[in-house]
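Okay, so here's the structure we're looking at.
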Amino acid sequence: MGTAGLVLSGCTVPSFGASPGDTTSSRSVFHLWQGFSIGAAIIGGLVVVLVLWAVLRYRRRSERIPDQHQYHIPLELTYTIVPILIVIGLFAATMVVETKEVANPHTNVTIDVNAFQWGWKFTYPGSNAVVVGQTTQTPTMVMPVDTNVHINLTSSDVVHGFYVKAFNFSRYALPGVLNQFTLRAVSTGTFFGQCTQLCGLYHSLMWFDVKVVTPSQYQTWLASFHGTAAAAAAAAASAAVRQQTSSITPTKPATSRGAN
Amino acid sequence: MVDVLERPATRNEPPPEAHGPTGLLKWLTTTDHKVIGLSYTVTAVIMMVIGGAFAEIIRAQLATPNGTLVSLAQFNELFTMHGSVMIYLFAGPFAFGALANIIVPIQIGAPDMAFPRLNALSYWLYLTGSITMLSGFFTAGGAANFGWVGYAPLSNSLNTPGAGADLWIGGLLLTGFSAIFTGVNLVATIFYLRAPGMTMFRMPIFTWNMLVTAILILLAFPVLTAGLIMLYADRHFGTHIFSVAGGGVPVLWQHIFWFWGHPEVYILALPFFGMVTEIIAVFSRKPVFGYKGMVFATISIAALSLGVWAHHMFTTGVVLLPFFSAMSLLIAVPTGIKIFNWIGTMWRGEVWFSTAMMMSLGFLVTFLIGGLTGVYLASPPLDFFTHDTYFVVAHFHSVVMALVMAAMAGLYYWGPKITGYLLNEKIGRVQFWFLFVGTQVFTLPLYLVGLRGMPRRMAVYPHDPQWQFLNDLSSVGAVLIGISTLLFVANLVYSWKKYPAGANPWDGQTLEWFTTSPPPHHNFYRLPPIRSERPTWDYNHPEHRALPHGRRNGDGA
Amino acid sequence: MKVEARFLLGLGLFFGVVGLIYWLWSGEDAGGVMLGAAMLLGFLPGGYYLYWSRRMTPRPEDDPEATPATGAGVVGAFPSTSIWPFTLGMGAFVTVLALVFGIWLLVPGLSLVVWALLGAVAESRRGGHV
Ligand code: HEM
Ligand SMILES: [Cu+2]
Ligand SMILES: [Cu+2]
C-alpha cells in the first residue's frame with residue numbers, strides 16, 4: 001500500500017496536527033501518523049463527497065417512488081474487499097514501526113523511573129544520582145543524546161502514565177510490573193512530561209521535565225552526585241516523599257506468560 | 001391480572017378496551033412494553049440532561065488554565081460522574097431499554113415482550129440503580145472519583161474510601177442486572193414471538209441489531225458484574241484480587257473491565273446504527289441497500305468486538321499488541337460496509353430532509369470522523385502517542401455525539417408512534433444545526449489540543465496556557481450543544497398534542513407503521529401478510545416491491 | 001428455529017477459535033477464560049435450538065409462505081399488570097444499599113425480594129396459563 005512508501009519519505013507531507021518529536025521512534029511514529037492521515041483524508045473525503053452527492057442530487061422533488069433496488073453484489077464485494085486490503089496495509093505499516101519502537105537494544109545507560117502519588121523518582125543505577133520531586137516541583141530526568149537509554153518504569157501505588165509529548169510516547173507505570181523500554185533522543189533540549197493516567201487528587205499537577213544533554217554533560221551531571229552534600233540532599237528529598245508501598249518488588253505480571 | 005392472547009388473523013374490529021388501574025398505580029404495576037419503554041425514554045433523557053450539566057461545568061472549569069470554579073477533588077467527581085451517567089445511565093439504557101423496548105415487539109408483530117414482568121423489573125432496577133449511583137453526591141466524601149473505568153488500585157478502599165465509591169458499585173450492580181434481564185427478554189421475544197411469515201431474514205434491520213445487541217449484553221455484562229463483586233470484595237472483605245500487596249494483579253481489573261467495556265461500545269452503537277438504517281431507508285423511499293450484507297456486517301462487528309478489549313490497554317506494556325491491533329483494525333471493515341450501504345440506500349432515492357433524516361445524516365458524518373480517528377487508535381504506536389490525551393476524548397465524543405444525534409433521530413421518527421403526535425419540524429431543524437455545529441466545534445479543537453499534549457482528566461493546565469484557546473473553542477461548542485438540548489425540551493412543550501400523527505406519517509415500511517399511533521393495548525388487531533422485511537410498504541405500494549439485482553420497475557416479475 | 005441455532009453456533013465457534021488462538025499466543029489466562037465462556041454462551045443455547053429445530057414442526061414464523069391466518073390462535077398468557085416487579089425492584093434496591101449503609105438493611109431488602117418472588121409465582125399460578 002501507499003502507506004509503506006510514505007512512512008519512508010514523509011517529510012514534505014503535511015503534519016496533520018502532530019510533530020516529529022525528538023527521538024528516533026517519535027519520528028517513525030510521526031511518519032506513520034502521516035500515512036494514516038492521508039488514508040483517512042482520502043477515504044473520509046470520498047465518503048463525504050458520496051453523501052453530499054446522494055442528498056443533493058437525489059433530494060425529494062416529487063411524490064415519485066424511485067426504483068426499489070436493493071442489491072448489487074459486485075459493488076458490495078468491492079467495498080468489502082478494498083477495505084480489507086487497506087486494513088492489511090495499515091497493519092503492515094503499524095508492525096514495522098511498532099517492532100522498532102518496542103525493541104530493547106543493549107545499552108549502558110539505564111534509568112529507573114518510579115511513579116508515586118504524586119511525583120516521580122529517577123534513579124541512575126551504578127551511580128549516586130537520584131532525582132525526586134512531587135507535583136509542581138517538577139523533577140528533571142537527565143539523559144544523554146544519541147544514546148539508547150533504557151527505562152525501567154514502575155509505580156509504588158496506583159497506575160500512573162509516563163508521557164512525554166516530544167517523544168510521541170507514553171507508557172503506564174503499573175504497580176507490581178516492571179515496564180521496560182528504550183528511548184533514543186536525537187537532539188538536546190528540555191521537554192515537558194506529565195502523568196496521563198488518573199491517579200487521584202493531584203493528578204493534574206504530576207509534572208516532570210526531561211532534559212536531553214550531550215554525553216559529556218551527562219557524565220559531569222552524574223559525577224556531581226558523588227559529592228556527599230548532593231547525595232544527602234537527594235536522600236532527604238526521597239525520605240520526605242510519601243510512598244505507601246515502596247517495599248513491593250516489581251515483577252512481571254502474573255497473568256502474562258511472555259506477552260511483550 | 002393475566003390476559004390470554006389470541007393472535008388476530010384478519011379481524012377488523014378494535015380489540016377489547018385496555019383495563020386496569022390508572023395514574024400512579026398504573027405506572028407502578030404496568031407490564032406493557034410501551035409504557036415501560038416510555039418510562040425508560042423519559043428517565044434516560046433526564047440522565048442525559050444531568051450528565052450534560054456536569055459536562056458544562058467541566059467545560060466552564062477548563063475555560064481558563066487555572067480554573068477555580070470547582071476544586072481538584074470536585075473536578076474528579078464531576079468527570080467520573082459525567083462519564084458514568086452518560087455511559088451507564090443514559091446511552092446504554094436509552095439504546096436497549098427505551099426505543100427498543102417499544103419498537104422491537106411491534107416491528108415483529110408481537111403483542112408484548114416475552115417476559116413482561118421481567119421487563120418491568122428491568123426498569124425498576126435501572127431507576128433504583130441510577131438513584132444509587134447519583135446519591136454519592138449527597139454523602140460526606142462525595143461521589144465516586146476514580147473515572148468511569150474505576151481502575152484498580154485507585155478504586156480500592158485505601159485510595160478511595162467512602163460511600164460514594166460503594167454507591168457507584170451498587171448502582172452498577174443494579175443497572176447491570178437490569179441490562180442482563182433486558183437482553184434475555186429481547187432474545188426470547190425475537191426468537192419466539194415473531195408474527196407468521198416474519199422469518200429471521202425478514203426482520204427489520206433495527207430488530208436484527210437489537211438481537212445482536214442483546215446477545216452482546218449477555219456475553220459482556222456478567223463479566224462486569226463479576227468484576228464489580230471482586231472489586232467490592234477487595235474493598236470490604238479483605239481479598240487481594242487487584243492489589244499487589246496481597247499477591248493480586250491490578251491489570252486483571254483492566255482486562256475484566258474492558259472485556260465488558262469494548263463490547264459495551266457496540267452495545268451502545270448497534271441500536272443506533274439500526275435506527276439510522278431504518279430512517280435513511282424510509283426518507284429515501286427505498287429498501288435498505290444490501291440488507292443481507294448489513295445483517296452480516298452487524299454480526300461480524302459483534303463477533304470481532306469481543307476480541308479487541310486490550311486496545312484500551314496498549315500502553316500497559318503487558319498485552320499482546322499485534323493480536324489486538326489486527327482485530328481492532330478489522331472492525332473497520334464491517335463498519336465501512338454499513339456506511340456504504342447507507343449511501344447506497346440514498347442513491348437514486350427521493351431524499352426528504354425531515355428532522356429525523358437530518359439527524360441521521362449528522363450522525364453519518366460525525367460517526368465517520370469518530371470512526372476514522374478510531375482506526376488510528378487501533379495502531380499501537382499511534383495509541384502510545386495519543387492515549388489518555390484529549391485526542392482520545394475527542395475521538396469518543398465524535399462517536400457518542402453521533403449516537404446522540406441518532407437518538408434524536410429516533411425520537412423524532414418513532415416518538416409520534418408512541419405519543420400519537422408529531423414534533424415541530426422547524427424547531428427540529430434548528431435544533432439539528434445547533435447540535436451538529438456544536439458537536440464539531442466541541443470535538444475538533446479537542447483533537448488538536450490532545451495532539452499538542454494535553455492529557456485528559458486535568459482540572460488545571462497552568463503549565464501550558466497555549467492550550468487555552470482550543471479549550472475555549474471547545475467550551476463554545478459545549479454551549480451550542482446545551483442550547484440544542486434546551487430547544488428539544490422547548491419543542492416537546494411547544495408541540496404538546498398539537499400535530500396528530502395518524503398511523504403512518506412517514507410512509508413507513510415496517511410493521512409498527514401498520515398499527516395505530518399509539519398502538520392498542522396489545523399492539524395489533526390485524527396484521528398484513530409478511531412477504532419481505534417491508535410488510536407495511538408492500539401493503540401500501542404493492543406495485544413497488546424490492547427489485548432483484550439488475551431489474552427495473554415495470555420489467556414484470 | 002434453524003437460523004437461530006446457526007446464528008448462535010456460529011458465534012460460539014468464532015469465539016472458540018479466536019479464544020484458542022489468543023490463549024496460545026498470549027498466554028494470558030483471563031482473556032482466554034472469558035472467551036471460552038463466550039464460546040459456551042454460543043454453544044449451549046445454540047445446541048439446544050439445533051436439537052429442537054430437528055424435532056419440531058416448522059413454526060409459522062419460520063415459514064416464508066405463512067399468512068396471518070396460519071398463526072391465529074393462542075400466543076400465550078401475558079400478565080397485564082402486576083405489582084411484583086416493583087416490589088422485587090425495591091427489594092433489590094434495599095439489598096444493594098446494605099452493601100453501603102450497613103448489613104441490617106439486608107433484612108428488609110431480602111424480605112421484600114422473597115415476598116415478591118412468592119407473590120409473582122402465586123400470581124402465575126392463579127392466572128393458570130403460564
Ligand atoms: C454536552 C455534550 C458533552 C460535553 C460538553 C462533554 C464533555 C466532556 C469532557 C470535557 C470530558 C473530559 C473530562 C476530562 O477528561 O477531564 C468528558 C469525558 C467523558 N465523556 Fe463527555 N461530554 C458530552 C457528552 C457525552 C456523551 C453523550 C457521552 C456518552 C454517551 C459522554 C461520555 C464521556 C465519557 C465516558 C468521558 C470520560 C470520563 C472519564 O474520563 O472518566 N460525554 N466529556
Ligand atoms: Cu496521574
Ligand atoms: Cu474498545
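The values are calculated or read from the model by the stated rules, or taken from the named source; none is laboratory data. All of these numbers come straight from a predicted model, not from anything done at the bench. Here Cβ is always computed from backbone atoms with ideal geometry, including for glycine, and neighbour counts include all displayed protein chains. We work out accessible area using only protein heavy atoms, side chains counted, and drop any ligands, DNA or RNA first. Shrake-Rupley method; radii C 1.70, N 1.55, O 1.52, S 1.80 Å.
Backbone geometry of the range B:284-295 corresponds, through the Karplus equation with coefficients 6.51, -1.76 and 1.60 at θ = phi - 60°, to 3J(HN,Hα) couplings of 10, 6, 9, x, 4, 6, x, 3, 5, x, 4, 4 Hz, x marking Gly and Pro.
Principal-axis analysis of the Cα atoms of chain B puts helix B:72-84 at an angle of about 20° to the longest axis. In angstrom, the C-alpha Rg and Dmax of the range B:190-266 are 18.6, 61. Nearest 10 degrees, 0 to 90: what angle lies between the long axis of helix B:205-236 and the longest principal axis of chain B (Cα atoms)? Long axis of B:205-236 versus the principal axis of chain B: about 30 degrees. Summarising the amide proton neighbourhood of A:N152: residues at separation of 5 or more, or on other chains, whose placed amide H is nearer than 5 Å comprise A:I111, A:D112, A:V113. Counting only DSSP beta bridges whose two residues both lie in the protein assembly as shown, roughly 75 percent are antiparallel. Contact order, relative form, for chain C: 21 percent (alpha carbon pairs under 8 Å, 6 or more residues apart, mean separation divided by residue count). Once all protein chains are placed together, A:K100 keeps about 130 Å² accessible to a 1.4 angstrom probe. From the alpha carbon centroid of the range B:173-242 to that of the range B:399-432 is 26 Å. Shape analysis of the range B:27-540 based on the Cα gyration tensor places the equivalent ellipsoid semi-axes at 36, 25, 23 Å, largest first.
Per the Debye calculation on the range A:53-101 with a single equal scatterer at every Cα and no solvent contribution, log₁₀ I(q)/I(0) for q = 0.19, 0.22, 0.23, 0.29 Å⁻¹ amounts to -0.80, -0.89, -0.91, -1.02. To put it simply, the accessible area of chain B at a 1.4 Å probe is 69 percent carbon and sulfur. Checked against a 26 Å cut-off, the cross-linked pairs B:K34/B:K497; B:K286/C:K2; A:K100/A:K211; B:K26/B:K426 give Cα-Cα distances beyond that limit for B:K286/C:K2; B:K26/B:K426.
Equivalent-ellipsoid semi-axes for the range C:84-127 (Cα gyration tensor, √(5λ), whole Å, largest first): 24, 8, 4. The residues of the range C:77-94 listed by number as losing at least 50 Å² of accessible area in the complex, against the isolated chain and with a 1.4 Å probe, are C:F78, C:P79, C:S80, C:T81, C:P85, C:F86, C:F93. Distant-in-sequence amide contacts of B:R456, defined by a placed amide H-H separation under 5 Å and a gap of 5 or more residues or a different chain, comprise B:T389, B:Y390. Surface burial for C against B, with a 1.4 Å probe and both sides summed, reaches about 5900 Å² of accessible area. Here the Karplus curve 6.51 cos²θ - 1.76 cosθ + 1.60, taken at θ = phi - 60°, turns the phi angles of the range B:348-355 into couplings of 6, x, 10, 7, 10, 7, 6, 4 Hz, with x standing for Gly and Pro. Amide H contacts of B:Y421: B:A501, each under 5 Å away and 5 or more positions distant or on a separate chain (H built 1.01 Å from N in the peptide plane; Pro and chain starts excluded). Directionally averaged projected area (the range C:2-63, Cα convex hull): 4.1 nm².
Across the range A:124-237, the convex hull enclosing all Cα atoms gives 107 Å³ per residue. Estimated from helical segments only, the mean residue ellipticity of the protein assembly as shown at 222 nm is -19000 deg cm²/dmol, where each DSSP H run of four or more residues counts as -39500 (n - 2.57).
Applying the Karplus relation 6.51 cos²θ - 1.76 cosθ + 1.60 with θ = phi - 60° to the range C:98-114 yields 3J(HN,Hα) values of 4, 4, 9, 9, x, 5, 4, 5, 4, 4, x, x, 5, 4, 4, 4, 5 Hz, where x marks Gly and Pro.
The apolar share of the surface of the range C:2-63, taken as the fraction of accessible area on carbon and sulfur atoms (1.4 Å probe, ligands and nucleic acids excluded), comes to 74 percent.
These residues, C:V107, B:V212, go from largest to smallest accessible area, 1.4 Å probe, as C:V107, B:V212.
Charged side chains reduced to their Cβ positions (Lys and Arg at +1, Asp and Glu at -1) give chain B a dipole of some 960 debye around its Cα centre. Size estimate for the range B:213-369 follows the Kirkwood approach: the inverse of mean 1/r over distinct Cα pairs works out to 17.7 Å. The share of C-alpha pairs in the protein assembly as shown whose separation exceeds 47 Å stands at 26 percent.
Accessible surface buried at the A:B interface totals approximately 8300 Å², computed with a 1.4 Å probe on protein heavy atoms. If we count GluC sites (Glu not before Pro) as exposed when they sit in a DSSP loop and have at most 15 other beta carbons within 10 Å, what is the longest stretch of chain B that avoids them all? Of all site-free stretches, the longest is B:18-542.
Give me the angle, in degrees from 0 to 90, between the Cα long axis of helix B:321-346 and the longest principal axis of the Cα atoms of chain B, rounded to the nearest 10. With both axes taken from Cα atoms, the answer is about 30 degrees.
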